[in-house]
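As structure tokens, the structure follows; a few thoughts come after it.
Here, each number is a calculation from the coordinates, and none is a lab measurement. All of these numbers come straight from a predicted model, not from anything done at the bench. Note: ideal-geometry Cβ built from the backbone for every residue, glycine included; neighbour counts use all protein chains shown.
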Amino acid sequence: MTKEGALLDCLAASYRLDLDGPEYVRHLVEAAVPLLDRGLGVIAYTYDAKDGERPVIDHFATSKRFDPSWLPPYYAAVEAAGYAGPPYPTGFETWRHMMCGQASAVAKMRPYLPFFAHIGRSRDTFAVNALDASGQGLWLGAPLPSTTKVSAARITLFTRFSAHLASGLRLRRSAQRSKPKASAVLSPTGALLDGNDGVVESREELRRATLAFDQARTKKMRADVELATRRWRPLVGSRWSLIDDFDTDGRRFVLAVENSPPTRPPRTDLSEREHQVMTQAHLGHTDKVIAYELGLATSTVRVLLHRAIRKLGATTRREALARFDALVKERQKDG
């Protein structure tokens, strides 16, 4: 099994509902060590960016190899150079729309590279960032001893991981309010055992997704992580996430739980899914990534975006996003 096989463990860790905030971040850090650690450890934190001008770090954790004594001189250097330090995430404006990336590959992050020397004499950083329209996010990264370029294939895998992280965080927030209620109960083979009226027409889609969810964690699929993550998506039909459930006698089931992503303030002439794709596009995500996040075909995303662009009175994606952004800010201003 390749190191990338550990990515499937990280995906599974994203959906842990039984851990509180600090435990969850620590668990993700440890799960990510085989995948990310290049000798200098792994670091992670959750953050609140509802106020995009003043995001604040919440829970914070590091792996055993990461020496916390590196951080004070690093933050001091950052602040001396005129950048924001704790409790604000360093460089947030630069990486807020990135789902994953390498600092040295991002032009606006390059001024930060000299500061990384304080982090165990590292020269670069690779990180995964999960942020949705709620303004809640999680950053997970590792300092790197060199600026060796990360492959495009690895970027694809970690972009998918970021999508699952965002989905898992949403599900956790929902679980903190009340126990997630299943829209459907399925067998591990995808048979619909119980479900409300809203899932009947999606029976086949849920069956296929359940099989992919189950197969993705087999030994065979751990040897082909690209295929496993391509099949195991954060959402089914832009609506449900799949999680394991066990009966008192040990029997295992798969639950389809409502986990739709939050949308920006509503505009009545946009449909729910048009809102969803515009919201993800507003976060800086490409059509292909949006399709993966929402469990839709890329062609469907393009059609939905085209309709939304037209309804917004725009002729290009950029113009539509600018108008959408203006609507978001107007609603936020109104409270």
Q. Modelled label-to-label distance, Asp51 and Arg110, 7 Å Cα→beta-carbon offset: nm?
A. 3.4
Q | Solution diffusion estimate, µm²/s, Stokes-Einstein, the stretch 1-68, Kirkwood Rh from C-alpha pairs, 37 °C, viscosity 0.692 mPa s | A | 254
Q | Semi-axis lengths, Å, the stretch 181-326, gyration tensor of Cα atoms, sqrt of 5 times eigenvalues | A | 33, 17, 11
Q) Mind checking Rg over Rh on the stretch 83-130, alpha carbons, Kirkwood formula for Rh? A) 0.93
Q: Determine the gain in length on full extension of the stretch Glu319-Ser187; use 0.36 nm per residue of separation and subtract their C-alpha separation, reporting nm with one decimal.
A: 42.9 nm
Q.
Give the lysines whose C-alpha is closer than 18 Å to that of Lys50, dropping any in the same chain fewer than 8 places away, or say none.
A. Lys329, Lys333
Q) Under a point spin-label approximation (7 Å from Cα along Cα-to-Cβ), what is the Asp67-Arg230 distance to one decimal in nm? A) 4.3
Q: Straight distance only, please: which aspartates and glutamates reach the Cα of Lys64 with their own Cα at less than 18 Å, same-chain residues fewer than 8 apart left out?
A: Glu23, Glu30, Asp37
(Q) With +1 on the Cβ of every Lys and Arg and -1 on the Cβ of every Asp and Glu, and nothing else charged, how large is the dipole of the stretch 27-98 about its Cα centre, in debye rounded to the nearest 20? (A) 180
Q.
Using the crude model of +1 on Lys and Arg Cβ and -1 on Asp and Glu Cβ, and no other charge, please compute the dipole size for the stretch 190-251 relative to its Cα centre, in debye to 20.
A. 460
Q | Positive-end residue, the chain charge dipole about Cα centroid, Cβ charges, pick of His285, Ala12, Val106 | A | Val106
Q | Separation between Cα centres of the stretch 21-71 and the stretch 121-166, rounded to whole Å | A | 12
(Q) Using Cα springs under 10 Å in a Gaussian network model of the chain, which residue among Arg26, Arg222, Arg323 shows the largest mean-square fluctuation? (A) Arg323
Q: Diagonalise the Cα gyration tensor of the stretch 1-143 and give the resulting equivalent ellipsoid semi-axes, square root of 5 times each eigenvalue, largest first, whole Å.
A: 23, 19, 14
Q: Count charges around Gly198 for me, please; just the other residues with Cβ under 10 Å from its Cβ, Lys/Arg as +1, Asp/Glu as -1.
A: -2
Q. Using alpha carbon coordinates only, what is the Rg to Rh ratio of the stretch 33-91, with Rh defined as the Kirkwood radius?
A. 1.01
(Q) Placing unit charges on C-beta atoms (Lys and Arg positive, Asp and Glu negative, everything else neutral), compute the dipole magnitude of the stretch 152-257 about its Cα centre in debye, rounded to 20. (A) 520
Q. Based solely on its DSSP helices, what 222 nm [θ] is calculated for the chain when runs of n ≥ 4 H residues each add -39,500 (n - 2.57) and the sum is averaged over all residues, nearest 500 deg cm²/dmol?
A. -13000 deg cm²/dmol
Q) Quick one: if the Förster radius is 25 Å, what FRET efficiency do Ser260 and Ala76 give, using the C-beta to C-beta distance and rounding to 0.05? A) 0.05
Q) Given the stretch 67-212, what whole percent of its Cα pairs are spread farther than 20 Å? A) 61
Q: For the chain, set up a Gaussian network in which alpha carbons nearer than 10 Å are linked by springs, and say which option among Val254, Val25, Val200 fluctuates the most.
A: Val200
